[in-house]
1. Given the criteria modelled with pLDDT of 90 or more and within 16 Å of the ligand (Cβ to nearest atom), does VAL179 qualify?
2. Hey, among GLY6, GLY28, which residue is within 14 Å of the ligand (Cβ to nearest atom) and either open to solvent by less than 50 Å² (accessible area, probe 1.4 Å) or within 19 Å of VAL179 (Cα to Cα) (or both)?
3. For the range 31-43: of the residues being assigned to a loop (DSSP other than H, G, I, E, B) and open to solvent by 50 Å² or more (accessible area, probe 1.4 Å), which is nearest to the ligand (Cβ to nearest atom)?
4. I need the full set of residues from the range 307-326 which are among the β-branched types (Val, Ile, Thr) and open to solvent by less than 20 Å² (accessible area, probe 1.4 Å), in order please.
5. Would you confirm, using the coordinates I've provided, whether GLU288 is assigned to a strand (DSSP E or B), surrounded by fewer than 18 Cβ atoms within 10 Å (Cβ to Cβ), at negative phi and more than 31 Å from the chain's Cα centre (by Cα)?
6. So, in the range 104-162, how many residues would count as being of a type outside the set (A, V, I, L, M) and within 16 Å of the ligand (Cβ to nearest atom)?
7. Residue pairs, Cβ under 7 Å, 6 or more apart or interchain, first in the range 294-312 and touching a residue at least 60 places away in the same chain (Cβ under 8 Å), second buried (at least 20 other Cβ atoms within 10 Å of the Cβ) and outside any strand (DSSP E or B). List them.
8. Considering (1) open to solvent by 40 Å² or more (accessible area, probe 1.4 Å); (2) in contact with a helix residue (DSSP H, G or I) (Cβ under 6 Å, 6 or more places away or on another chain); (3) in a loop (DSSP other than H, G, I, E, B), say which one LEU75 fails and leave the rest.
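The values are calculated or read from the model by the stated rules, or taken from the named source; none is laboratory data. As the structure is a computational prediction, the values presented were derived from the model and not from experiment. Here the Cβ positions follow ideal geometry from the backbone for every residue, glycine too, while neighbour counts run over all protein chains shown. Only protein heavy atoms, including side chains, enter the accessible area calculation; ligands, DNA and RNA are left aside. Shrake-Rupley method; radii C 1.70, N 1.55, O 1.52, S 1.80 Å.
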Amino acid sequence: MVDRPGFRLDITLTAAPGEVVALLGPNGAGKTTALRALAGLTPLTDGHLRLDGTPLQNTPPESRPVGVVFQDYLLFPHLSALDNVAFGPRCQGTGKTEARALAAAWLDRMGLAGHAATKPRRLSGGQAQRVALARALATRPRLLLLDEPLAALDARTRLEVRAGLRRHLAEFEAVSVLVTHDPLDAMVLADRLVVVEHGRVVQQGTPADIARHPRTDYIARLVGLNLYRGRAAGHTVRLDAGPAITTTEELSGPAFVAFPPSAVTLFRDRPSGASARTLWRCEVAGLETHGDRIRADLTGELPLAADLTTVAAAELDLRPGTPVWATVKATQTHAYPA
Ligand SMILES: Nc1ncnc2c1ncn2[C@@H]1O[C@H](COP(=O)(O)OP(=O)(O)OP(=O)(O)O)[C@@H](O)[C@H]1O
């Protein structure tokens, strides 16, 4: 637990050797605070930290078997890539020659053998990220912490570096914890996602499980689903938001219903064949381009997001304020216990 005026981080986090855990959450949720507490840079107000069975909270940061890759890498600007990587082993008492040989091997593993003598300012973003990772791994940490590891990169580099990082994390035999806002980074890199909101864990599980069964609005938006809470009886869920919705699954009691924006069809006139159970009167609140589709934000009987092709949006002549009827197929809705 970490307490500071106006904010409390209160989370339980456990991880097995070899596991990659992503802490995912909105701004100010407490992800960085959690990472700093693990690194020993922010003291715990209460609770404990244990690594390989050994209490950690009284060990100063520099003596913890923890490697950190900071968001902006924090490479030493005056040292070559090789000396940046050799720095950690040197601090641990490894002799100069051995530390440099170790660093050279790490750079080689990262595909950077040709850049050993390069200073950080001459490295590309992706190369600097790999040097920072090599620097953290060269100390043979038992816990690897990565703060927004890809945030400093442009979209193209990000794709490549993400794939490389995934490989290195998979090979790393101890625990990795990474912090990110980016659901894609989290899904690609982590074995398990821990979603933090307001200083607490609101959901955790495998990426696939979280994407299929979001339990908060933040996660639903992240994975691009419409999400409602309600009460199920058979194939109908009466939503807290008002209307009822027909679902394929049969359930009873508190339930979530989720469906993707692409499962929604919009009409200007009330469609004659549609079941009243899956037909809502809405109004367009906003429109934005979403890849090769148009995402319509709707308010009304059921607030929802709908994806349309550009042609469909033009034919419906949608603009903010346009009244529409929205329907979703029961086969595309997904209900699960709340
Ligand atoms: N050094 C600090 N002193 C005081 N308050 C802080 C400090 N750092 C963060 N906070 C506050 O603590 C809370 C948690 O912040 P934290 O940076 O851990 O969140 P985060 O999930 O990492 O957010 P972000 O994604 O924006 O980095 C926020 O309310 C933030 O304003």
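1. For VAL179, the condition - modelled with pLDDT of 90 or more and within 16 Å of the ligand (Cβ to nearest atom) - is met.
2. None of the others qualify; the one that does is GLY28.
3. Top of the filtered list is LEU41.
4. Residues satisfying the conditions are THR322, VAL324.
5. Spelling it out, it is not the case that GLU288 is assigned to a strand (DSSP E or B), surrounded by fewer than 18 Cβ atoms within 10 Å (Cβ to Cβ), at negative phi and more than 31 Å from the chain's Cα centre (by Cα).
6. The number of residues fulfilling the criteria is 3.
7. ALA305/PRO261
8. So LEU75 meets the others, but not (1).
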